[in-house]
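The values are calculated or read from the model by the stated rules, or taken from the named source; none is laboratory data. Just so we're clear, the structure is a prediction, and the values are computed from it rather than from any experiment. Cβ placement follows ideal geometry from the backbone for every residue including glycine, while neighbour counts extend to all protein chains displayed.
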Amino acid sequence: MAHVIHALWLLPALFLGLSVSSGRFIYLAGFTPSLLLLVGLAMAFGRRPALCHWWLAFGGLAATMIGDYFLAYRGARLDSLQFIFGICGFSLAQCCWIGFFRAHGRLSWKCALGLALGIGVLYGARLVPAAPGALLAFFIGLYSLLSIISFSSACGLSDRLPGKSAWIVGIGALLFSDVMIGLGAILKIRYWGRWIGGTYLLALVAVTLALVQGAHGTSCGHTRRRRYLRWSPWGIFAGALGSLACFVAAAWRMPGGPYQPTRRMLSYLGRITLNGQQYAPSHFLFGFGLIIAVLAVAIFYPALGVLVRRRWQKELISWSGAVHCAGLLIIFFVPEDLSMLLHNAGCSLAVAGAAVTAWVICCYSQRLGVKVRIGALAWMLALTAVFCTFLLLHKLRICPFAPYVPTCQKLLIATYLTWLAGLAIALLKTHKKGSVAHTKT
């Protein structure tokens, strides 16, 4: 029977291929039902007993078809009741998944904090003013809250649950798709709207894979944690390189001439209107750089707990990582030419999260040399003091903004990236020595 279930993966691929090749959206009507058939057979003939409350997860996958019917097949407009009915369908799916997650884990409050701050600012600052009516704004806010709870619950699933990683990918991809709907459909930024369909289909496939793994797979929390600690340093290397590549490309594609790093802040590249051009390629490249940075920090920061010993130190690092991610999300959602106050608040949160982590590791880590920790802390404090001094002098109109403040910002960013690279190397060395203390990821 396992071979039959594996072969059934070709069925949703067939519907997707027919839709892409013919250009007719109607073929995707069979995509989700084929996934439901796959899950049903896996649960009925799987090697493991049916998961507790598995019917809730199955019902959540089925409830997405309600949202698909109104939003995709009926093409509901924003100002219509059908659009609200579609939101209600996806809200039902999120409620089902939240119920399933509560039976197999607990809410990750750190993840909830980061998402609530970031998405909350997006909702209040941009989506509510752009929504055509208070009723739609209310349902968007309600669904956003359910999405945050659902993804935070997925991150808090027990390591013993087979398919935990697939659940995180699935609910995360759905959350990303919903954010793209907000940016593309409500704010009318067409480029972000192109990412809605692909990430949504990825979410459905990942949720299906999680349920199939739950029926057939096995999971070992000890092995999962070891694998996570082994690969997390490479995640920060890839994230840093990816973010830098996006920022360099954004500087290269900036309209109106080359970007001057000593004259402009880095966030200048993410402006909505840049040298008279609205939503230039540099805006989207800068946004992708921030998205990659958020993913890298979210993956990497929990692993830093192995560098300290006490539980409160590990918790403080995790919470500071959540604050850091929230700041990066706010910078992405609110460019500086839209609201300088909120944008600067995001910058402050990002800096605060990174600073708390650096302070905890420099003061309490025994896996780094004393000279390294003291030298790094002294350099970061001195550079931050110089940066703040230049800002104050600029406010007092004693010295110009450029080149002093932008140059110090670039030095701070380079210092932070170097510091993270050093921590990643320390984690790699720690893992090779076999002295990694197992932590809950």
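General remarks:
- Among the residues of segment 159-183, the one identified as of a type in the set (Lys, Arg) and surrounded by fewer than 21 Cβ atoms within 10 Å (Cβ to Cβ) is 160.
- Every listed requirement among (1) modelled with pLDDT of 95 or more; (2) touching a strand residue (DSSP E or B) at 6+ places or on another chain (Cβ under 8 Å) is met by residue 104 save one, (1).
- Summed over segment 275-289, residues that are surrounded by fewer than 21 Cβ atoms within 10 Å (Cβ to Cβ), touching a Pro at 6+ places or on another chain (Cβ under 8 Å) and among the hydrophobic types (A, V, I, L, M, F, W, C) total 0.
- Candidate set from segment 295-312 (those that are touching a residue at least 40 places away in the same chain (Cβ under 8 Å) and farther than 19 Å from residue 233 by Cβ); member that is surrounded by the most Cβ atoms within 10 Å (Cβ to Cβ): 309
- Going through (1) surrounded by fewer than 21 Cβ atoms within 10 Å (Cβ to Cβ); (2) among the hydroxyl-bearing types (Ser, Thr, Tyr); (3) under 21 Å from residue 412 (Cβ atoms) one by one, residue 243 falls short only on (1).
- The condition of being in contact (Cβ under 8 Å) with a residue 12 or more places away in the chain, crowded, with 21+ Cβ neighbours inside 10 Å, assigned to a helix (DSSP H, G or I) and in contact with a Phe, Trp or Tyr (Cβ under 9 Å, 6 or more places away or on another chain) does not hold for residue 267.
- Only residues that are over 26 Å from residue 354 (Cα atoms) and either in contact with a His (Cβ under 6 Å, 6 or more places away or on another chain) or of a type outside the set (A, V, I, L, M, F, W, C) (or both) were counted across segment 107-146, and they come to 7.
- Of the candidates 370, 356, the single residue that is over 32 Å from the mean Cα position of the chain (by Cα) and within 30 Å of residue 427 (Cα to Cα) is 370.
- Taken over segment 101-151, the criterion of being of a type in the set (Ser, Thr, Tyr) and either assigned by TED's automatic domain parsing to the domain that holds residue 330 or more than 16 Å from residue 91 (Cβ to Cβ) (or both) is satisfied by 108 alone.
- Residue check, residue 249 within 23 Å of residue 115 (Cα to Cα), in contact (Cβ under 8 Å) with a residue 24 or more places away in the chain, of a type outside the set (S, T, N, Q) and out of contact with any strand residue (DSSP E or B) (no Cβ under 6 Å at 6 or more places or on another chain): no
- Filter result (among the polar types (S, T, N, Q) and crowded, with 21+ Cβ neighbours inside 10 Å) within segment 148-158: 150, 152, 153
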